[in-house]
Amino acid sequence: MNNFIIQKDMNTQNLNQLILYTAFCCMTSDGDIDEREVMLIKSMCEKSHLFENFDIQKELNLLIDKINVEGKKFFLDYFDLLKNTELSEEDELTLIDFAIQTIWADEIVLYSEIKFFKNIRYRLNVSDEKILERFADIPDIELFLGQDIITDSFLDTISNLYLESVELPKFELINIVTTEKNETEN
């Protein structure tokens, strides 16, 4: 992930990196990494053919190192990457699926997470109708799709407002074995 480069023609490796980057950003967008979010990301990656032979702990810890160094710039780079990447409709829906599931993983959806998702949503081309059709079972999915970002300049403004309002701590590296142990004890 240190040299995260997406090419115009999306291949499986680039797509899995972008999806993981998305899930990671959603996980950290509220300033907290909940063990349930880590376990969900691990589970989703294990179930997806996109992540075969993929060291999820290593990749997550590379992202943690990067966000700890870059801070809010990390999110700006993600938004730029997402805006400049050509994805198929199905790839966009897969990315949205990982994002929404990650946001819901800790069973607490903060408005900052909805704002963050809206920043993702407005950089994608898939229609709200397709999203509603695919994710009709998600509680309050309409909140994630509300029309409060209208122009590119407003999108930049709302992105900057989100980044100004969030305080990012230094995140600890993830140890999936310890996380799994804690999950089974609870």
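Tell me, what is the percent relative contact order of region 12-168, built from C-alpha pairs under 8 Å that lie six or more residues apart? Let's see the in-between values first.
On the way: 116 pairs, mean separation 50.7, N = 157.
Computed value for region 12-168: 32 percent relative contact order.
Starting from 0.36 nm per residue, how many nanometres of slack lie between D156 and E90 once their C-alpha separation is accounted for? Let's see the in-between values first.
Values: separation 66, 0.36 × 66 = 23.76 nm, distance 2.60 nm.
Gain on stretching D156 to E90: 21.2 nm.
How many angstrom lie between the C-alpha centres of region 69-134 and region 31-62?
After rounding, the separation between the Cα centres reads 16 Å.
How big is the Rg/Rh ratio for region 12-168, C-alpha atoms only, Rh by Kirkwood, two decimals?
So for region 12-168, dividing Rg by the Kirkwood Rh gives 0.92.
Points 7 angstrom from Cα along the Cβ direction at D65 and Y111: gap in nanometres?
3.8 nm
Output ³J(HN,Hα) for region 74-86: one whole-Hz value per residue in order, computed from phi by the Karplus curve 6.51 cos²θ - 1.76 cosθ + 1.60 with θ = phi - 60°, and x for Gly and Pro.
Working through the residues one at a time gives 4, 5, 4, 4, 4, 4, 4, 4, 5, 5, 9, 9, 8 Hz.
Mind listing which GluC sites (Glu not before Pro) in region 41-123 are in a DSSP loop and have 14 or fewer other Cβ atoms within 10 Å?
Numbers: sites: E46, E52, E59, E70, E86, E89, E90, E92, E107, E113; in loops: E52, E86, E107.
Within region 41-123, the qualifying GluC sites (Glu not before Pro) (loop, at most 14 other Cβ atoms within 10 Å) are E52, E86, E107.
No lab work stands behind these numbers, since they all come straight from the coordinates. All values derive from a computational prediction rather than experimental measurement. We place every Cβ from the backbone using ideal geometry, glycine too, and count neighbours over all the protein chains shown.
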